[in-house]
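Visitor: Sharing a structure here in structure tokens format.
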Amino acid sequence: MSIQIMNAVWSNGPQDLPARMLLLAIADNANERGEAFPSIAVLGQKACLSKSSVIRTMRRLSVEGWLTVKPRAAAMDGYGRSRGNLYCISLVKL
């Protein structure tokens, strides 16, 4: 968890409530470089958003430059599960 990034989101983050809550949820899982890889389900639970709202809001955050979504290695984790995405919060925009 990066308290510094969370504080920056509170101070300078998006004004739209779902976008701000989602960015805070990602920041709650982020390292000091703004990188995190929580699941959509975890983000939805933390931000009080449905899965479809998380995906829609994440797209908007990406288009607006708040967030970069990078697919992690296409390889499975050995149990047949995808490794998910890496989310990178734009520290410059904050």
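The values are calculated or read from the model by the stated rules, or taken from the named source; none is laboratory data. Please read these numbers as outputs of a predicted model, since none were measured by experiment. Don't worry about glycine lacking a Cβ; one is built from the backbone with ideal geometry, like all the others, and counts go over all protein chains shown. Ligands, DNA and RNA are stripped out before the accessible areas are found, and what is left, the full protein with its side chains, is counted by its heavy atoms. Shrake-Rupley method; radii C 1.70, N 1.55, O 1.52, S 1.80 Å.
Visitor: Give the residue from 69, 31, 90 lying farthest towards the positive end of the charge dipole for the chain; charges sit on Cβ (+1 for Lys and Arg, -1 for Asp and Glu) and the dipole is referred to the Cα centre.
Guide: 69
Visitor: With every protein chain present, what is the per residue accessible area of the chain (1.4 Å probe, Å²)?
Guide: Result: 60 Å² of accessible area for each residue.
Visitor: Show the residues, 5+ positions off or on another chain, whose built amide H is closer than 5 Å to the amide H of residue 90.
Guide: 67, 68
Visitor: Would you compute the Debye intensity of the chain from its alpha-carbon atoms alone, equal scatterers and no solvent, and pass along log10 I(q)/I(0) at q = 0.17, 0.25 Å⁻¹ to two decimals?
Guide: -0.66, -1.36
Visitor: Count the net charge of all other residues whose Cβ sits under 10 Å from the Cβ of residue 26, scoring Lys and Arg as +1 and Asp and Glu as -1. Kindly include the intermediate steps, with their values, before the conclusion.
Guide: Details: positive: 46; negative: 28, 35.
Combined, the nearby Lys, Arg, Asp and Glu give -1.
Visitor: Further question: Explain nothing, just the number: dipole magnitude of the chain about its Cα centre with +1 on each Lys and Arg Cβ and -1 on each Asp and Glu Cβ, in debye rounded to the nearest 20.
Guide: 280 debye
Visitor: Considering only protein heavy atoms and a 1.4 Å probe, what is the carbon-and-sulfur percentage of the accessible area of the chain?
Guide: Working: 3150 of 5650 Å².
It is 56 percent, rounded to a whole number.
Visitor: Let me ask something else about it. Summing +1 for each Lys or Arg and -1 for each Asp or Glu, what net charge is found among the other residues whose Cβ lies under 15 Å from the Cβ of residue 54?
Guide: Result for the neighbourhood of residue 54: +4.
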